[in-house]
1. Only sites in a loop by DSSP and with at most 11 other Cβ atoms within 10 Å count here; which GluC sites (Glu not before Pro) in segment 92-170 make the cut?
2. Given the options GLY155, GLY104, GLY176, which has the most mean-square fluctuation in a GNM of the chain, springs set between C-alpha atoms less than 10 angstrom apart?
3. Pick from THR69, THR179, THR140: which is most flexible by mean-square fluctuation in a GNM of the chain where alpha carbon atoms under 10 Å apart are linked?
4. Given Cβ point charges of +1 (Lys, Arg) and -1 (Asp, Glu) and nothing else, what value in debye, to the nearest 20, does the dipole of the chain about its Cα centre take?
5. For GLU23 and PHE92, compute 0.36 nm times the residue count separating them, minus their Cα-Cα distance, and round to one decimal in nm.
6. Could you tally up the Lys pairs in segment 113-205 with alpha carbons closer than 29 Å? Skip any pair fewer than 8 positions apart unless they're on separate chains.
7. If r is the Cβ-Cβ distance from GLU64 to THR40 and R0 is 22 Å, what FRET efficiency results, to the nearest 0.05?
8. Report ³J(HN,Hα) in whole Hz for each residue of segment 181-186, in order, from the Karplus equation J = 6.51 cos²θ - 1.76 cosθ + 1.60 where θ = phi - 60°; Gly and Pro get x.
Amino acid sequence: MDAKSPETKGQPEHAPRRPSREEAEAAVRTLIAWAGDDPTREGLIDTPKRVTKAFGEFYRGYHEDAAETLDRVFDEAGGYDDIVLVRDIPFFSHCEHHMVPFIGKAHIAYYPKGGVVGLSKLARVVDIFARRLQMQERLTNQIAQAVDKGLAPRGVAVMLEAEHHCVSMRGTRKSGVSTVTTSFTGVFHKDAAERARFLQLVQGR
Ligand SMILES: [Zn+2]
């Protein structure tokens, strides 16, 4: 991925040397001991291996490119140029402050100009950015910017609703609290009526 593209903002341009798997597993053993358990007891002996493998899944977005996902635009939509809304795309991510999951749904709308994209591609873009250490605000912007850049539509609207488990599990211990973030480009940015239409379509279920 082009390290200077807007969707990488807030992520390292030059990642530090990637530790070996052995080093990563040793770090997990340290954290288990820090938590107060014995990393050498039977039930935990393979845990560092599992955790590093899980990290490979949780954070595989660092090795994936959203621009590549959106490079095939279909123009056989019969000149359709009204709003396309994909609602309730499930995602999970990890907050960069606690490395605890935040889980929710994304809604993405755009006004096509010269082509549409396969609907699963939008879900894929969400996934690529969600599988990194994130802030919900940045995730929302990165999705909007990537779709804007990839499809060059008349406008993009993105809304994310998520529950942050660092909020539910720690401190205040409130569950069922959701955080809503939005990002708008083009006509959605310029025109309050377009934003209202998007919000109405998202909520009109
Ligand atoms: Zn957090």
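FYI, it's all coordinate maths here, none of it is from the lab. Remember, it's a predicted structure, so these values are computed and weren't measured experimentally. Positions of Cβ are backbone-derived with ideal geometry, glycine not excepted, and every protein chain shown enters the neighbour counts.
1. Details: sites: GLU96, GLU137, GLU161, GLU163; in loops: GLU96.
In loop regions of segment 92-170 (DSSP not H, G, I, E or B), there are no sparsely surrounded GluC sites (Glu not before Pro).
2. Most flexible of the set in this elastic network: GLY176.
3. Greatest mean-square fluctuation among the candidates belongs to THR179.
4. Working: 29 positive and 28 negative charges, 78 e Å.
Roughly 380 debye for the chain.
5. Numbers: separation 69, 0.36 × 69 = 24.84 nm, distance 2.62 nm.
Result for the pair: 22.2 nm of gain on full extension.
6. Values: LYS113/LYS121; LYS113/LYS149; LYS113/LYS190; LYS121/LYS149; LYS121/LYS190; LYS149/LYS190.
Taking segment 113-205 as the scope, the lysine pair count is 6.
7. Details: r = 36 Å, r/R0 = 1.62.
It comes to 0.05.
8. Values per residue, Gly and Pro as x: 10, 9, 8, 10, 10, x Hz.
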